[in-house]
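Trainee: After the structure tokens below, expect a handful of questions from me.
The values are calculated or read from the model by the stated rules, or taken from the named source; none is laboratory data. The structure presented is a predicted model; accordingly, all values stated were derived computationally and were not measured. Every residue, glycine among them, receives a Cβ derived from its backbone with ideal geometry; neighbour counts consider all protein chains shown.
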Amino acid sequence: MTESHKYRILVVEDDSIIAEDISQALTRMGYEVASTAESGEEAIKKASTLGPDLVLMDIVLKGTVDGIKAAAHITANLEIPVVYLTSHSDKATFRRAKETGPFGYLMKPYEERDLGATVEMAIYKHALESKLKGKEQWLTIILKSMGDGVIVSDKEGNVGFMNPASESMTGFKARECIGRPQNEILAIYDEETDKRLPEPSATDMGGFSDDGTSVYIRNRQGNEISIDGSVYPIKGEMGEITGSIFVFRDVTEKRRAQQMLEKSERFLNTIFDSIYDPFCIFDRNFNIVRANESYAKLKATSLDELMDRRCYEAIEGSDCICDSCIVQRTFAEAKPNTKEKPHIVQGVTTGWVEIFTYPIFDEDGEVSHVIEYTRDITERKRSDEERKTLIEELEYLSTVDPLSGLLNRRALMDFINSEVDRAQRYGRKLSLILCDVDNFKEINDTLGHSAGDEAIRAVSNVFREVVRRADVVGRYGGDEFMVVMPETSSKGAEEMAGRLLEAVKKHPLKLAKRAKRTLTLSIGVSSFSDKSDTVDILITKADAALYDSKRAGRDRVTVDGD
């Protein structure tokens, strides 16, 4: 975000408290909340009149237009980027949301930093896509690299374009360089030998110093500027190379800072004095060469006991490197690493820590030392576990019918939709059993609703025992049950329906004073028979067969088409 432009965001959320929380968070990040909306209709209207830079959109809203429909309208007609901020993560909702081309999808609950990162990335992505629209391939690469120096040349090596950053570094103006050979403008030298290197060409695609060579350019004024650079080919319609783009950046200060870090003991002492968390440095032999008091306290020992001793000897009392040692991995890989682990002191786990390691390179490019920084994440881990448990509980409650303990209708529909899609795509077998409890209304009316509930539970228990592992059973609604049977023919489904019919009759409903009532079912069976069959068709056929069973006297199985 720039100071000259404060991005304006429309917040669409039907919960006023959540909308206010989001608005306050955005304000803290430096954004302007253009307005809030509680319905899809209001969101469309305000987006049209206010013209915000971004819309944060909840999916479930008041009114007849949900967040996905509103987002589709806003994206298609107003070209305003939309980020979904919702607690809905089921496949069907996500599939619908994805079709609207959102610039982000953030699940509630969220961390404020995640919200900030998502908003910033969405604004950046939308701005970038707007700039790149309709441009050719070479212009796309240039616009992606405008912060660096960019020189575009044709296949003969003559300059066709220079951006301001390349003008600043080379000392040449673009207007005087167009048409001139690139090697007259860009002189690249090996920092170690001071020998001039060939100018980059389209056939040198990739990093110009990927082999580890440090290079610099000598500009028009004779100044030396250390650079990193890459060459990208420009290709014609037939894939032929028509030119090249050289992208380079000034890394003089970066290299100078690296040298200062390696050589300046005073700088290192300043770092140590400013760090509160546990911090230490290891040499190649795993000796602890520097450490702070926080590190000694973390290891339940003193600095005197740690300094100039191998870490595994001083801390673990071992004669070899610990398993999965992150310091050893950093020496081997020559790159930063992170690791989370329980913090154990004298055999007792006291919490969790997160360890960060960073390599320090010598003048030959070898890792000479490794810095280890440790952070206590016990509270974060506890919060993560509590959040995970809550999410698991909510996910369970959102898919399970509380009375029967079976899948609820929504979960059933999600499963059967995916199975019908698979059957249509791969020609797989698929059958459906739909049934209800005979005379269930009479049970409720004469014996009471508690007896009706007990009948639902009794039938549910039988279904759980009888159906196969591969089958999915759930309560479709009221006294209706559904069994989805992948890879099952009509004959196989009919046999299973018969087993369910008989099993239910063997488990009568227990009533007061040891009385019992035999339960029976009316069952309909349908099967996927044609690629044009849909979920609705499959259910309709099973439902029709079920009612044929009822009309024929109940307590029976009817297969669609018989």
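Trainee: Hey, can you tell me all the residues within segment 54-77 that are farther than 18 Å from I18 by Cα, touching an Asp or Glu at 6+ places or on another chain (Cβ under 9 Å) and crowded, with 17+ Cβ neighbours inside 10 Å?
Mentor: The answer is V65, I68, A70, A72.
Trainee: Find the residue count for segment 421-478, including only residues that are among the small types (G, A, S), free of Cβ contacts under 8 Å to residues at least 40 places away in the same chain and surrounded by fewer than 16 Cβ atoms within 10 Å (Cβ to Cβ).
Mentor: Looking only at that region, the number is 3.
Trainee: Moving on. Do the conditions hold for I80, that is, is it crowded, with 18+ Cβ neighbours inside 10 Å and at pLDDT 90 or above? Please lay out each step first, then the result.
Mentor: Values: crowded, with 18+ Cβ neighbours inside 10 Å: yes; at pLDDT 90 or above: yes.
It is true that I80 is crowded, with 18+ Cβ neighbours inside 10 Å and at pLDDT 90 or above.
Trainee: Still on this structure, please answer the following. Can you give me the ranges of the helices (runs of 4 or more DSSP H) entirely in segment 131-178 with at least 1 residues that are surrounded by 13 or more Cβ atoms within 10 Å (Cβ to Cβ), polar (S, T, N, Q) and at pLDDT 85 or above?
Mentor: Working: elements: 137-144, 164-170, 174-177.
The helices (runs of 4 or more DSSP H) meeting that bar are 164-170.
Trainee: Show me the strands (runs of 3 or more DSSP E) entirely contained within segment 445-562 in which 2 or more residues are touching a helix residue (DSSP H, G or I) at 6+ places or on another chain (Cβ under 9 Å) and closer than 28 Å to P402 by Cβ.
Mentor: 472-477, 480-486, 521-527
Trainee: Continuing with the same structure: Can you name every residue in segment 4-34 that is outside any loop (DSSP other than H, G, I, E, B), in contact with an Asp or Glu (Cβ under 7 Å, 6 or more places away or on another chain) and either aliphatic (A, V, I, L, M) or modelled with pLDDT under 90 (or both)?
Mentor: I9, V12, A19, I22, A25
Trainee: OK, next. From the set of residues in segment 306-321 that are in a loop (DSSP other than H, G, I, E, B), over 9 Å from N287 (Cα atoms) and over 40 Å from the mean Cα position of the chain (by Cα), which is modelled with the lowest pLDDT?
Mentor: Restricting to residues being in a loop (DSSP other than H, G, I, E, B), over 9 Å from N287 (Cα atoms) and over 40 Å from the mean Cα position of the chain (by Cα), the top hit is G317.
Trainee: List every residue pair whose Cβ atoms lie under 8 Å apart, where the two residues are 6 or more positions apart in sequence or sit on different chains, the first residue falls within segment 168-186 and is under 12 Å from R218 (Cβ atoms) and in the same structural domain as N219 (by TED's automatic domain parsing), and the second residue, located anywhere, is part of a helix (DSSP H, G or I) and of a type in the set (A, V, I, L, M, F, W, C).
Mentor: I185/C177
Trainee: Step by step: first the residues of segment 339-375, then only those that are more than 25 Å from the chain's Cα centre (by Cα) and of a type in the set (D, E, K, R), then the one that is farthest from R255 (Cα to Cα). Which residue is that?
Mentor: Ranking the candidates gives E372 first.
Trainee: While we're here: Out of the residues in segment 499-518 that are closer than 16 Å to V473 by Cβ and not β-branched (V, I, T), state the one that is surrounded by the most Cβ atoms within 10 Å (Cβ to Cβ).
Mentor: Of everything passing the filter in segment 499-518, L500 is surrounded by the most Cβ atoms within 10 Å (Cβ to Cβ).
Trainee: Another one. Can you name the number of the only condition in (1) farther than 20 Å from R554 by Cα; (2) under 36 Å from the mean Cα position of the chain (by Cα) that E465 fails?
Mentor: Going through (1) farther than 20 Å from R554 by Cα; (2) under 36 Å from the mean Cα position of the chain (by Cα) one by one, E465 breaks only (2).
Trainee: Do we have any residue at all in segment 469-491 that's assigned by TED's automatic domain parsing to the domain that holds I433 and more than 23 Å from D414 (Cα to Cα)?
Mentor: Of all residues in segment 469-491, those assigned by TED's automatic domain parsing to the domain that holds I433 come to 469-491.
Checking which are more than 23 Å from D414 (Cα to Cα) leaves us with 491.
Yes, the conditions are met somewhere in segment 469-491.
Trainee: Do you know which of the residues in segment 519-537 that are of a type in the set (S, T, N, Q) and within 12 Å of S431 (Cα to Cα) is surrounded by the most Cβ atoms within 10 Å (Cβ to Cβ)? So that I can check it myself, show each step before the final result.
Mentor: Residues of segment 519-537 of a type in the set (S, T, N, Q): 520, 522, 526-527, 529, 532, 534.
So of that shortlist, the ones also within 12 Å of S431 (Cα to Cα) come out as 526-527, 529.
On the way: S526: 27, S527: 24, S529: 16.
Applying the filter and picking the extreme gives S526.
Trainee: Looking at the structure I just gave you, is M413 in contact with a Gly (Cβ under 8 Å, 6 or more places away or on another chain) and closer than 22 Å to S532 by Cα?
Mentor: Working: in contact with a Gly (Cβ under 8 Å, 6 or more places away or on another chain): no; closer than 22 Å to S532 by Cα: yes.
Judged against the criteria, M413 is not a match.
Trainee: Name the residues in segment 35-85 that are among the hydrophobic types (A, V, I, L, M, F, W, C), farther than 19 Å from S130 by Cα and assigned to a helix (DSSP H, G or I), would you?
Mentor: Selection gives A43, I44, L50, I68, A70.
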